[in-house]
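Read through the structure below, which is laid out as structure tokens, and then see the notes.
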């Protein structure tokens, strides 16, 4: 009788432990705070410049001179952008405008290093980037309306 009780307790314990082991492990929905930044924004200006230059080289087939100049341009702009983002003297609107101006200046500087064919491809890349940016903004606005 005593063996039966112990066996029953052991079996019941196994069922209980097993049920905890099978709890659905769904990843919790990520609640994104407004202040939270993406992985890209956590990168240093050097890391961002390297990634941007690699992507451009992949799409535009840059020569060594172009790659070096574009890296330096990306680095300079990323350093300025980081300073703007960390600035406490600017409003959000001022920061947005300054970052946009830096992006436009970056594009102009980069185009100066490219051939006509590369400029066409670069414009396509930038158009796709703007498209993704607009889609992301519209997705964010839809989420806010719900």
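Counting only helices (runs of 4 or more DSSP H) wholly contained in segment 29-101, the ones carrying 2 or more residues that are surrounded by 10 or more Cβ atoms within 10 Å (Cβ to Cβ), at pLDDT 95 or above and within 19 Å of the chain's Cα centre (by Cα) occupy 45-60, 64-86.
Each residue in segment 50-90 was checked for being at positive phi and touching a residue at least 60 places away in the same chain (Cβ under 8 Å), and 0 pass.
The values are calculated or read from the model by the stated rules, or taken from the named source; none is laboratory data. Note that the coordinates shown come from a computational prediction; the quantities given were computed from them, not determined experimentally. A quick note on method: Cβ atoms are made from the backbone with ideal geometry, for glycine too, and the neighbour counts reach across all protein chains shown.
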